[in-house]
Amino acid sequence: MKSITTKNAIVHFNSKVYSELSSYIKSSKPSKIFILVDTNTHEYCLPKFLSQLESEDIVVEVMEMPEGEDHKTIDICTGVWEALSEYEADRKSLLINLGGGVVTDLGGFVASTYMRGIDYINVPTSLLAMVDASVGGKTGVDLGVLKNQIGIISEGSMVLIDTSYLETLPPNHMVSGYAEMLKHGLIFDKGYWENLVNFENMDISELDKLIYDSVIIKNTIVSQDIKEQGLRKTLNFGHTMGHAIESYFLGNADKTPLLHGEAIAIGMVLESYLSTKVCGLSTDEFKKIKEGILKTFSKVNIEKRDQDVIIDFLKHDKKNSHGKVNFVLLESIGKPKIDCEANNDLILEAFKDYNY
């Protein structure tokens, strides 16, 4: 697979990953190398990574954070900043983020702000991070249960995608990443959507190509609108409702927290329904979207009392402007429309359809 050039970085795949990393270290000569992992990637991914790392006798330090979305906080950032300072990291240090989306988001933010910015490299180990979180330069942390409220856009030096790390993932985390791939098809390429939605009929060996195509789609969009003023907003399809649902389930002790992709899958079904009312998405295409998503993602019980609180969460969405909730909706599969509005009655209708 050919490497993909993003706005300020390069994405390398599989056979090129470790040779390119070695070349980068030789040419940039970092003063020290720091590797950020979580408790899972420390156990399952770090040994393999270290066995492939050619560090040129440069000191390598490993920093571990707890795993999970509830640890994507400014407090954890403070701990990592303090560790970098304690280990005498300077502006020529390199931070390698080895993990899923929480690690790459938080690690990118830490690197971009420590001493006003040090170099970093993302090595995504989850499907979600490979196709979404580690590409495009969005870094940051949650504010309480509100998703990604604090952060900056800052691309690392490179992204290294070694799909063999997917062998360490539990099935539900694989499915979580699959949701973002489905989104890429729905907003950009109907043919890609149709390939993905029939994935059970494909050979698992084709997954690498699908991941590659997903990164191509995201990079094509992001490279034209790095600051998310227009086209990049389309990547938020399913996320306005999905993030509100994810935040609500994360902060409610009576609910089992949802993985990001599980919440986004619900959001895509809900926003597809809204698309039929606001943007003219056909009933036939909506049915295909809903059935295509729900054959992989089990329905989650969202009661009426839950719905009211979730709607209240919508006011915190980052796409909002001038007090209005802005959705990305679909005119048809592969043809999104940004800055759409839907009133609360329509949103409640969408929940009713989802629960039906």
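The values are calculated or read from the model by the stated rules, or taken from the named source; none is laboratory data. No experiment lies behind these values; they were computed from the predicted model shown. Because the Cβ atoms are built from the backbone with ideal geometry, glycine has one as well, and the counts that use them run over all protein chains shown. The accessibility values were calculated without ligands, DNA or RNA, using every heavy atom of the protein model including side chains. Shrake-Rupley method; radii C 1.70, N 1.55, O 1.52, S 1.80 Å.
So that you can scan it fast, the table gives a plain yes or no per residue for (1) hydrophobic (A, V, I, L, M, F, W, C); (2) in contact with a His (Cβ under 8 Å, 6 or more places away or on another chain); (3) closer than 30 Å to residue 315 by Cα:
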position: 124; (1), (2), (3): no, no, no
position: 142; (1), (2), (3): no, no, yes
position: 164; (1), (2), (3): no, no, no
position: 167; (1), (2), (3): no, no, no
position: 171; (1), (2), (3): no, no, no
position: 196; (1), (2), (3): yes, no, no
position: 210; (1), (2), (3): yes, no, no
position: 219; (1), (2), (3): no, no, yes
position: 240; (1), (2), (3): no, no, yes
Criterion: more than 29 Å from residue 181 (Cα to Cα) and part of a helix (DSSP H, G or I) - qualifying residue of 113, 104, 41 = 113
Subset of region 72-85 that is out of contact with any helix residue (DSSP H, G or I) (no Cβ under 7 Å at 6 or more places or on another chain) and closer than 17 Å to residue 105 by Cα - its residue that is most open to solvent (accessible area, probe 1.4 Å) | 75
When residues of region 19-68 are limited to those that are in contact (Cβ under 8 Å) with a residue 40 or more places away in the chain and of a type in the set (Ser, Thr, Tyr), the one surrounded by the fewest Cβ atoms within 10 Å (Cβ to Cβ) = 28
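Hey, any hits in region 232-240 for a residue that's over 17 Å from the mean Cα position of the chain (by Cα) and touching a residue at least 24 places away in the same chain (Cβ under 8 Å)?
no
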Between a first residue in region 244-266 that is in contact (Cβ under 8 Å) with a residue 12 or more places away in the chain and a second residue that is among the polar types (S, T, N, Q) and outside any loop (DSSP other than H, G, I, E, B), which pairs have beta carbons less than 8 Å apart while being 6 or more apart in sequence or on different chains?
-> 259/172; 259/176; 260/176; 261/176; 262/172; 262/176
Kindly list the number of the only condition in (1) over 24 Å from the mean Cα position of the chain (by Cα); (2) open to solvent by less than 40 Å² (accessible area, probe 1.4 Å) that fails for residue 274.
-> (1)
Which residues, counting only those in region 246-262, are within 16 Å of the chain's Cα centre (by Cα) and outside any loop (DSSP other than H, G, I, E, B)?
-> 246, 247, 260, 261, 262
Within region 167-188, how many residues are surrounded by fewer than 17 Cβ atoms within 10 Å (Cβ to Cβ) and more than 16 Å from the chain's Cα centre (by Cα)?
-> 4
Somewhere in region 21-41, is a residue out of contact with any strand residue (DSSP E or B) (no Cβ under 9 Å at 6 or more places or on another chain) and among the basic types (Lys, Arg)?
-> yes
Per-region count, region 288-320, residues open to solvent by 20 Å² or more (accessible area, probe 1.4 Å), among the polar types (S, T, N, Q) and either outside any loop (DSSP other than H, G, I, E, B) or touching a strand residue (DSSP E or B) at 6+ places or on another chain (Cβ under 9 Å) (or both) | 0
Name the residues in region 86-142 that are open to solvent by less than 10 Å² (accessible area, probe 1.4 Å), among the small types (Gly, Ala, Ser) and over 11 Å from residue 159 (Cα atoms), would you?
-> 89, 93, 99, 107, 108, 111, 140
In region 263-280, which residues are assigned to a loop (DSSP other than H, G, I, E, B) and small (Gly, Ala, Ser)?
-> 280
Among the residues of region 270-293, which ones are hydrophobic (A, V, I, L, M, F, W, C) and closer than 19 Å to residue 191 by Cα?
-> 281, 286, 289, 293
Residues (in a loop (DSSP other than H, G, I, E, B), over 12 Å from the mean Cα position of the chain (by Cα) and of a type in the set (A, V, I, L, M, F, W, C)) located in region 119-166 | 145, 152
Would you mention how many residues in region 215-248 are aliphatic (A, V, I, L, M) and open to solvent by 20 Å² or more (accessible area, probe 1.4 Å)?
-> 3
